[in-house]
Amino acid sequence: MQVDYKNEPFTNFKLPENKQAFETALAQVESELGREYDIIIGGERIKTEKKSKSINPSNTQQVIGVVSQADKELAEKAIQTAAQTFETWKAVPATARSRYLFKAAAILRRRKHEFSAWLTKEAGKSWPEADADTAEAIDFMEYYARQMDKLAERHPLTRIPGEDNELYYVPLGVGIVIPPWNFPLAIMVGMTTAALVAGNTVVLKPASTTPIIAAKFMEILEDAGVPAGVVNFVPGSGGEIGDYLVEHPLTRFISFTGSRDVGLRINELAAKHRPGQKWIKRLVAEMGGKDSIVVDNDADLELAAQSIVASAFGFSGQKCSACSRAIVHQDVYDQVLNRVVELTKQLTVGDVVNPEFYTGPVVDDKAYNKILEYIEIGKSEGKLVAGGEKGPDNGYYILPTVFADVAPDARIMQEEIFGPVVAFCKANDFDHALEIANNTEYGLTGAVISRNRAHLEKARTEFHAGNLYFNRKCTGALVGVHPFGGFNMSGTDSKAGGPDYLLLFTQAKLVSELL
């Protein structure tokens, strides 16, 4: 009998047995570094001459793996294979499709520390951050399997005499899944398995900086018995195959998580009708944020400071939900700023294979250089009070950075940096704080730290963010608990991990029979 959904528990690494288990997993992963990984189309493994190396951002001399790269010819093969497989996969009963997810979740749970170790090596995630990523991947599969079972049930309609009417949710077709590098397991798994459990077939183009984790997940899908061709693993550069996949007339939908600029480009390409295309393509997009924590003058100031630091600097700020703007009431501004600076200077930065380090590197040289450029911009827009420097030179390390006295319209208050940088802005009163919080083109997450119930209720309606949190940090959404997705340039508010998510990968069909 199916048990009720509950979130996968996080690992307590203070227990010696858990610490030992993770160290064993790290040693296993270490022994597998440098291997080659093939393209997988319809179950066929394909090697190409063009390959890409995945590099450990904590130690840039270490190669995580080498991945064959697809060209347009192989992209075409993948789409045609997915289209052919769709004809049989769509006929598989929904409850049977959901069982594949239950099986895959069970396998990932058994290999939990191994996958977290891969996240530590390939993405530079600390032990707790990697463990949370893997737990979220398990959650997505457990949750979406149950949601598909519910979606397959007979839906209540208004009944009239002499007719039998029934509403079905049927799959769309071939989907292009383009996941991000910052949650290379959880979000990739959620996007892929939501599409397949809804009855679609997938061409998975993994993030170029974290393809090995996606390749390892293909092992789980195969082990779970997912038929060949349901998910096709097609790594390659965006310039080489990205546009081709999006524009293809057989592509029915695109599921994307990434930057604002890339998301808008995909939206533009997908909107144009191509010869032979029978549908309006659907885009499911999550495109980043510029997230604020508002601190009221009656707030718990220690909670406020802890929330800002955790939200800004966990995983070096490489979360679309990360706090990059602290908007603090003028009455308590100095106290909160001083405490955040004190906490920030206590953070340790280094190779997160060592659990003593709080946070690790940023993902690659492009991110590293971009963030350092923004730090230079910040020096002219505010007062540097913590960090602002490179970390150890063996990886892409940047020290957690705090700028004070930044204007609401400054670039570091408006543009997504995606790194360990937070800007402090002073608000005259609570209304002014909300005005500043809403002055960006994004609307993903936000938080309010306040004891004033009237202010919280005002924020509930006027703080324009898809995920708004009161008296807690603005990161750490849990599947089924905090459906995740944002407004404005943060995307299509897809609410991943929520009860409506699978509707995005289906279409409703009404069948009426005269009795």
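The values are calculated or read from the model by the stated rules, or taken from the named source; none is laboratory data. These numbers were taken from a predicted model, which means no experiment stands behind them. Glycine gets a Cβ as well: all are built from the backbone with ideal geometry, and neighbour counts include every protein chain shown.
Residues of region 38-64 that are within 21 Å of Phe115 (Cβ to Cβ) and in a loop (DSSP other than H, G, I, E, B): Asp38, Asn56, Pro57, Ser58, Asn59, Gln62.
The C-beta contact set for region 121-148 (first residue within 19 Å of Tyr100 (Cβ to Cβ), second residue at pLDDT below 95 and part of a helix (DSSP H, G or I), distance under 7 angstrom, 6+ apart or interchain) is empty. For region 197-209, residues that are touching a strand residue (DSSP E or B) at 6+ places or on another chain (Cβ under 6 Å) and either in a strand (DSSP E or B) or among the hydrophobic types (A, V, I, L, M, F, W, C) (or both) total 5. Filtering region 473-515 to residues that are under 28 Å from Phe315 (Cβ atoms) and polar (S, T, N, Q) leaves Thr475, Asn488, Ser490, Thr492, Ser494. Mind listing just one residue for me: the one in region 251-278 that is without any contact (Cβ under 8 Å) to a residue 40 or more places away in the chain and not in a helix (DSSP H, G or I) and, of those, surrounded by the most Cβ atoms within 10 Å (Cβ to Cβ)? It comes out as Gln277.
For (1) on the phi > 0 side of the Ramachandran plot; (2) part of a loop (DSSP other than H, G, I, E, B); (3) not polar (S, T, N, Q), each residue gets a yes or a no:
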residue: Glu36; (1), (2), (3): no, no, yes
residue: Val66; (1), (2), (3): no, no, yes
residue: Ala70; (1), (2), (3): no, yes, yes
residue: Phe86; (1), (2), (3): no, no, yes
residue: Ala91; (1), (2), (3): no, yes, yes
residue: Arg97; (1), (2), (3): no, no, yes
residue: Tyr100; (1), (2), (3): no, no, yes
residue: Ile107; (1), (2), (3): no, no, yes
residue: Ser116; (1), (2), (3): no, no, no
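Across region 490-508, the number of residues qualifying as within 16 Å of the chain's Cα centre (by Cα) and either of a type in the set (A, V, I, L, M, F, W, C) or not in a loop (DSSP other than H, G, I, E, B) (or both) comes to 3. Candidates Val309, Val349, Val406: the one that is surrounded by 21 or more Cβ atoms within 10 Å (Cβ to Cβ), in contact with a helix residue (DSSP H, G or I) (Cβ under 7 Å, 6 or more places away or on another chain), within 30 Å of Gln62 (Cβ to Cβ) and among the β-branched types (Val, Ile, Thr) is Val309. Please specify each residue of region 234-282 satisfying the condition of being of a type in the set (D, E, K, R) and either closer than 27 Å to Ser68 by Cβ or touching a Cys at 6+ places or on another chain (Cβ under 7 Å) (or both). Once the filter is applied, which keeps residues that are of a type in the set (D, E, K, R) and either closer than 27 Å to Ser68 by Cβ or touching a Cys at 6+ places or on another chain (Cβ under 7 Å) (or both), region 234-282 yields Glu240, Asp243, Glu247, Arg252, Arg265. Exactly one residue out of Ser52, Ser68, Ser31 is hydroxyl-bearing (Ser, Thr, Tyr) and surrounded by 20 or more Cβ atoms within 10 Å (Cβ to Cβ): that is Ser68.
A quick yes/no check of all residues on (1) out of contact with any Phe, Trp or Tyr (no Cβ under 7 Å at 6 or more places or on another chain); (2) without any contact (Cβ under 8 Å) to a residue 24 or more places away in the chain:
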site	(1), (2)
Ile220	yes, no
Ala224	no, no
Gly229	yes, no
Leu245	yes, no
Ile280	yes, yes
Cys323	yes, no
